Amino acid sequence: MERSDALELDAADPLHHFRDQFVVDDRDLIYLDGNSLGRLPRRAVAAVRAVVEDDWGRGLVRSWEHWIKWAQETGDLLAPLIGARPGEVIMSDQTSVNLYKLASGGLAAGGRRDIVTSSGNFPSDLYVLAGVAAAAGGRLRLVGTPGSSGPTPEEIDKAIDGDVGLVSLSHVAYRSGAIADMAAINAAAHDAGALVLWDLSHSVGSVPVDLADTEADLAVGCTYKHLNGGPGAPAFLYVRRDLHARLVQPIHGWFGHADMFGFASEYEAAPDARRFTVGTPPILSLAAARAGIEVTAQAGLGAIRIKSVALTQLIIDRFDERLSALGFRLGSPRNADERGGHVAIGHDDGYRMTKALIDRGVVPDFRDPDTIRFGVAPLYNGFTEVWDGIEHLAVVAETAAQERYPHQRSAVT
Ligand SMILES: *Cc1c(COP(=O)(O)O)cnc(C)c1O
């Protein structure tokens, strides 16, 4: 593959013009970390400014007349991106907090004590799930080895017995980018009488998800990665409609009350998805998140996924042609159907290479002990910049440019 091939792919790219919808003042920056924090959509700037100046500045408390519905309206906007129905998705809290609420409620609903997850799951998920299982008098059962691409439906099936009430997994693995078989895992768990709680943080806005079609029970996810919702943007949660009444989440706040302005002294859970929320939502952040979701919805997930696969394939092709002989290891699936929106490339000196790349104007991120993650964002990344980013990594390795950097990790990797 030649660089001119990448230029041709850019020329034929139907999503090319979406880059103009983002603030890109740094034309030469090769930003390949949209799977950690997506770029700023122009409409988010306008939306936040309008909320600050008009709603807050002039409307003041009267603006709650429309703000009060935003968590639900934004959830309904997001729902089609994950195959959910209206009323099944609501914006609330952070992913870790939503995971706690739905894991507690899901486990209690079945009257069982143990939770099954993958040992390679995101650490925050492991911590939250272990705490929920312990509080129920049970334990967290880990399947697979850390770093492996699993879990397979067979592994999950084997791990479930009559004590397991909940299986909780990431749909796209944060390290390898491997996609789990949602339909088969849901079926295996349901056969054994357990519910499944999916973390869609690395899927939403990048990989199509069909919660209704796969008969998924519960899901959570964040909006600041592929949805470009902004740092610390509110997360979402999904509960299948027929489970709303069965699930009691453990934090009883006034936003989850059936009649929040009735100011009753006893808690009564709302009949709809509001029962899974707790307190006042962050309106400024919600305005930005909504703008990010709108841009994704406008482009359409079908077109996004097609380009995402082509971009990650380009990284793998260039890995084979350029990186494999330089001591790098491919840490992501080669089969496109099993691969999400980023490619993991391992190297013994991966941390210092990431630092050297950043100084050369290429921004990936790094996950200990050895993984450089290259995220692709079809709405603003082009084929040529991805080609150039990988070429920079090859040159860093060839010139040992990383040797000028300390091994000491910075506060954020
Ligand atoms: C990014 C991510 C989170 C983030 O959780 P926060 O509560 O928003 O910090 C959680 N789970 C997974 C799988 C993630 O990738």
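The values are calculated or read from the model by the stated rules, or taken from the named source; none is laboratory data. The model shown is predicted, which means the values in this text are computed figures rather than measured ones. Neighbour counts run over all protein chains shown; Cβ positions are idealised from the backbone, glycine included.
Can you work out which of the residues in the range 148-161 that are buried (at least 17 other Cβ atoms within 10 Å of the Cβ) and not in a helix (DSSP H, G or I) is modelled with the lowest pLDDT? Here the answer is 148. If you filter the range 103-146 down to residues that are in contact with a Gly (Cβ under 6 Å, 6 or more places away or on another chain), small (Gly, Ala, Ser) and surrounded by fewer than 21 Cβ atoms within 10 Å (Cβ to Cβ), you find that the one that is modelled with the lowest pLDDT is 144. Condition check: under 19 Å from residue 94 (Cα atoms) and within 24 Å of the chain's Cα centre (by Cα). Does residue 197 satisfy that? Yes. Of the listed requirements (1) within 13 Å of residue 207 (Cβ to Cβ); (2) small (Gly, Ala, Ser); (3) touching a strand residue (DSSP E or B) at 6+ places or on another chain (Cβ under 7 Å), residue 336 misses just one: (3). Residue 272 satisfies every condition listed in (1) under 23 Å from the mean Cα position of the chain (by Cα); (2) touching a residue at least 60 places away in the same chain (Cβ under 8 Å); (3) more than 16 Å from the ligand (Cβ to nearest atom) except (1). Evaluation of residue 142 against the conditions (1) part of a loop (DSSP other than H, G, I, E, B); (2) more than 18 Å from residue 98 (Cβ to Cβ) shows that the sole unmet condition is (1). Within the range 155-166, does at least one residue satisfy the condition of being under 20 Å from residue 201 (Cα atoms) and touching a residue at least 40 places away in the same chain (Cβ under 8 Å)? Yes, because at least one residue in the range 155-166 is under 20 Å from residue 201 (Cα atoms) and touching a residue at least 40 places away in the same chain (Cβ under 8 Å).
Looking at the range 254-268 only, could you name the residues that are of a type outside the set (Phe, Trp, Tyr), touching a residue at least 12 places away in the same chain (Cβ under 8 Å) and in a loop (DSSP other than H, G, I, E, B)? Please lay out each step first, then the result.
So the first thing to find is which residues in the range 254-268 are of a type outside the set (Phe, Trp, Tyr), and the list is 256-260, 262, 264-266, 268.
Filter again for touching a residue at least 12 places away in the same chain (Cβ under 8 Å), leaving 256-258.
The one that is of a type outside the set (Phe, Trp, Tyr), touching a residue at least 12 places away in the same chain (Cβ under 8 Å) and in a loop (DSSP other than H, G, I, E, B): 258.
Would you point out which residue out of 242, 210 is free of Cβ contacts under 8 Å to residues at least 12 places away in the same chain and either out of contact with any Phe, Trp or Tyr (no Cβ under 8 Å at 6 or more places or on another chain) or under 21 Å from residue 113 (Cα atoms) (or both)?
Details: 210 fails: free of Cβ contacts under 8 Å to residues at least 12 places away in the same chain.
Just a single option satisfies the conditions, and that option is 242.
The residue that is nearest to residue 278 (Cα to Cα), counting only those in the range 75-99 that are in a helix (DSSP H, G or I) and more than 16 Å from the ligand (Cβ to nearest atom), is 75. Residues of the range 256-292 that are closer than 12 Å to residue 48 by Cα and among the acidic types (Asp, Glu): none at all. Filter the range 122-167 down to the residues that are within 16 Å of residue 197 (Cα to Cα) and of a type in the set (Ser, Thr, Tyr), then identify the one that is farthest from the ligand (Cβ to nearest atom). Applying the filter and picking the extreme gives 152.
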